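Only one structure is covered here, and it is reproduced in the block below.
The values are calculated or read from the model by the stated rules, or taken from the named source; none is laboratory data. Just so it is clear, the structure is predicted and the values come from calculations on it, not from any experiment. Every residue, glycine as well, gets a Cβ built from its backbone with ideal geometry; the counts of neighbours run over all protein chains shown.
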Amino acid sequence: MKEPSVSVPIRAVHGREYQLLTAAHRARKHGRDREAIRLYKRILIEYPHNLAVALRVAPMLALAGEDFEAWQLYRRAAHEYARKRQYNECLVLYREACRLLPLEFEAWRLCAELQVRLGEPEGAFETLVEGRMHFGAPHSRAQAIALLARARKIEPWDDALLLDLAQLYVGDDQPDMALELLAMLSCRVEGAMLRRVRWMQLRATRSPRYLLLWIRALGSTSPAEPIPSPESFEPIELDPEEHPALCEVGS
């Protein structure tokens, strides 16, 4: 079992708590991780304020796949550090939680929020963008949008971020939000990125206007730059009744 990066010594205890700790340590030392986890959990039930045990078992729970319980312990310990104004220790915990629990949205959000408070906006931006990469599934699109929207407040003109966020809005059926970002990007980018912008505008609107703009962007390809094939883009289903002119152009 991997050792936690936050090293907190187990304080001296007596009686039953000492017996449970000794048994848990012995089980862990001999590779009986499940037994050790069970014993550490028992200690936390009977002695819930034992922060050292919480920090010792949280990484073990994460590595064992018990993500929810692991995050509860990380969050409880982080709140205790924050209450004592030990913000650097709190940040270490959040970073470890992000590493061991990459699908825990709150870990990424709180880590970035604390970095901003500590005067580390660049680090917060990197945290938010890195966290977004773990929320690529359709059911986690809202979390990805929330992380990038927060990152945009730190770096409002990052082209890659704006394009990624616009794509998420298109997939989340929020075309107005996507078009606002894409309109800003269309004035700032060129080449391959401009073609992606025009294609996403077309996906969001299915409008003849954006089809023509996309075709025009294709025509701006430099001789050294290959023209993308239609297979490299996601298909768009056209409704002949709603957009007859567009269907004629695309046929």
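With respect to the conditions (1) of a type in the set (A, V, I, L, M, F, W, C); (2) under 23 Å from Leu194 (Cα atoms); (3) not assigned by TED's automatic domain parsing to the domain that holds Leu182, Leu162 falls short on a single one, namely (3).
Selection within region 93-114: residues that are among the aromatic types (Phe, Trp, Tyr) and touching a residue at least 24 places away in the same chain (Cβ under 8 Å). The member of this set that is surrounded by the most Cβ atoms within 10 Å (Cβ to Cβ) is Trp108.
Quick grid of which residues meet (1) surrounded by fewer than 15 Cβ atoms within 10 Å (Cβ to Cβ); (2) of a type outside the set (Lys, Arg); (3) without any contact (Cβ under 8 Å) to a residue 60 or more places away in the chain:
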{"site": "Arg16", "(1), (2), (3)": "yes, no, yes"}
{"site": "Arg28", "(1), (2), (3)": "no, no, yes"}
{"site": "Glu35", "(1), (2), (3)": "no, yes, yes"}
{"site": "Leu39", "(1), (2), (3)": "no, yes, yes"}
{"site": "Asn88", "(1), (2), (3)": "yes, yes, yes"}
{"site": "Leu91", "(1), (2), (3)": "no, yes, yes"}
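Candidates Leu161, Leu128, Leu148, Leu118: the one that is in contact (Cβ under 8 Å) with a residue 12 or more places away in the chain, buried (at least 20 other Cβ atoms within 10 Å of the Cβ) and under 26 Å from Gln86 (Cα atoms) is Leu128.
Under the condition of being surrounded by fewer than 21 Cβ atoms within 10 Å (Cβ to Cβ), assigned to a helix (DSSP H, G or I) and of a type in the set (Gly, Ala, Ser), the residues counted in region 57-86 number 1. Taking region 144-170 as the range and being in contact with a Lys or Arg (Cβ under 8 Å, 6 or more places away or on another chain) and closer than 23 Å to Arg99 by Cβ as the test, the residues that pass are Ala144, Ala146, Leu147, Leu148, Arg150, Ala151, Leu161, Asp164.
Criterion applied to Leu185, Leu168, Leu246 was being part of a helix (DSSP H, G or I) and modelled with pLDDT under 50, and the one residue passing it is Leu246. Evaluated against (1) without any contact (Cβ under 8 Å) to a residue 60 or more places away in the chain; (2) touching a Leu at 6+ places or on another chain (Cβ under 8 Å); (3) part of a helix (DSSP H, G or I), Phe135 falls short on exactly one condition, (3). Only one entry of Leu114, Leu61, Leu93 meets the criterion of being among the hydrophobic types (A, V, I, L, M, F, W, C) and farther than 25 Å from Arg150 by Cα, and that entry is Leu61. If you go through region 72-91 and keep only what is more than 17 Å from Asn50 (Cβ to Cβ) and out of contact with any helix residue (DSSP H, G or I) (no Cβ under 9 Å at 6 or more places or on another chain), you end up with just Arg85. Checked against the criterion of being closer than 29 Å to Arg28 by Cα and modelled with pLDDT of 95 or more, region 107-118 has at least one qualifying residue.
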